[in-house]
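Undergrad: Below you'll find the structure I mean.
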Amino acid sequence: MAACIDLSRIPHIPGRLHATNNPYQRYGPKGFMETKILPNDDLYVRVDLPGVPDDAIRLRVDAVRQKVVFFSGEEVLGDGDNAHDVREYSGTAGLGCDCCEITGVDAKMKDGVLRMILTRVKVKDHDNNNNKCTHFLPPNAGKSGRYDVNSLVMVEVEEHPYVVKGRKDTLATNRTSDGCFRFSVDMPGVCSDDVFVIPNQNEIKFYGENKEVYEHDESCRIFLGAISNRQCCSFGIPLLSHDIAWDAEFGVLKVRVSPPPRNNHN
């Protein structure tokens, strides 16, 4: 069955950058972390941890600071990936008040995104007349963006604040000893069925959309970008003469561009 992309669903966003956490994200909630107070007063937290397998995240509740500490094992190392690019993550999310305690954490890791629902209980009254307590909300990391089409100055893309080991950039590129070019793009929330890679003679375009939107997420997220043939071609060989293969796993798109085999005939 042929697949198609409904480009009419992508809203027009002036400029090249939608969010400073990911230069290829063109639509959807921005930032490395998203927090929301639910109607029942639970706290919903969404954290992007691209590359982390679904079963590789660990959690613990810090009873002193009333926060959930999350940390991961190493990102899965793919064939041809650089070992120094392999990432590990660590961070916190939780409450900022002294009147409540975290009583439960319902967490799920899928496609490079950690989603948590934190339940709490009030253990003491406030000293003042304000009955509302505060929640710990992290800095708006990666939520700013550039929309000025008349400006030629790009906003600097932020590094991932929860990476404690490995690369912090959204895009990773390398060439292997056999002449292949590889690049990886973070698309948290996107699986292999949600990715399109479209090469032409000038570039390799890629598109990803997390079509399965979690009930508490603001909306889906759409990623769109391209790699120029000058970056991924072997010298003197047209791009479309290469073998181009791709896959997406744990919220990371990985593309391999292999030159054609050499002709050994005289």
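Undergrad: If each of residue 244 and residue 124 carries a label point 7 Å out from its Cα toward its Cβ, how far apart are those two points in nm?
TA: 6.2 nm
Undergrad: Extending each Cα 7 Å along its Cβ direction at residue 230 and residue 258, get the distance between those two points in nm, one decimal.
TA: Placing both labels 7 Å beyond Cα along the Cβ direction yields 2.8 nm.
Undergrad: So, one more: Given labels modelled 7 Å from the Cα in the Cβ direction, how far is it in nm from residue 54 to residue 211?
TA: 1.7 nm
Undergrad: Neighbour counts of other C-beta atoms within 10 Å: give me 209, 101 arranged from fewest to most.
TA: Details: 209 24, 101 16.
By the 10 Å Cβ count, ascending, the order reads 101, 209.
Undergrad: Moving to a separate point now. Could you give the length gained by full extension between residue 168 and residue 98, i.e. 0.36 nm per residue of separation minus their alpha carbon distance, to one decimal place?
TA: Working: separation 70, 0.36 × 70 = 25.20 nm, distance 3.35 nm.
This chain segment gains 21.9 nm when fully extended.
Undergrad: Quick check on packing: order 220-230, 193-203 by the mean number of other C-beta atoms within 10 Å, highest mean leading.
TA: Values: 220-230: 19.0, 193-203: 14.6.
The packing order, highest mean first, is 220-230, 193-203.
Undergrad: Can I ask one more? How much length, in nm to one decimal, is gained on full extension between residue 108 and residue 84, taken as 0.36 nm per residue of separation minus their Cα-Cα distance?
TA: Values: separation 24, 0.36 × 24 = 8.64 nm, distance 2.74 nm.
Residue separation times 0.36 nm, minus the Cα-Cα distance, leaves 5.9 nm.
Undergrad: Ranked by Cβ crowding within 10 angstrom, fewest neighbours first, how are 86, 163 ordered? Don't skip to the answer; put the middle values down first.
TA: Working: 86 16, 163 20.
Fewest to most other Cβ atoms nearby, the residues stand as 86, 163.
Undergrad: How high is the FRET efficiency between residue 69 and residue 36 when r is their beta carbon distance and R₀ equals 22 Å, given to the nearest 0.05? Before the final figure, lay out each step's value.
TA: On the way: r = 20 Å, r/R0 = 0.91.
E(calc), rounded to 0.05, equals 0.65.
A short reminder: the numbers here are calculations on the coordinates, not readings from a lab. Since this is a predicted model, take the numbers as computed values, not measurements. Cβ coordinates were reconstructed from backbone atoms using ideal geometry, including for glycine residues, and neighbour counts include every protein chain displayed.
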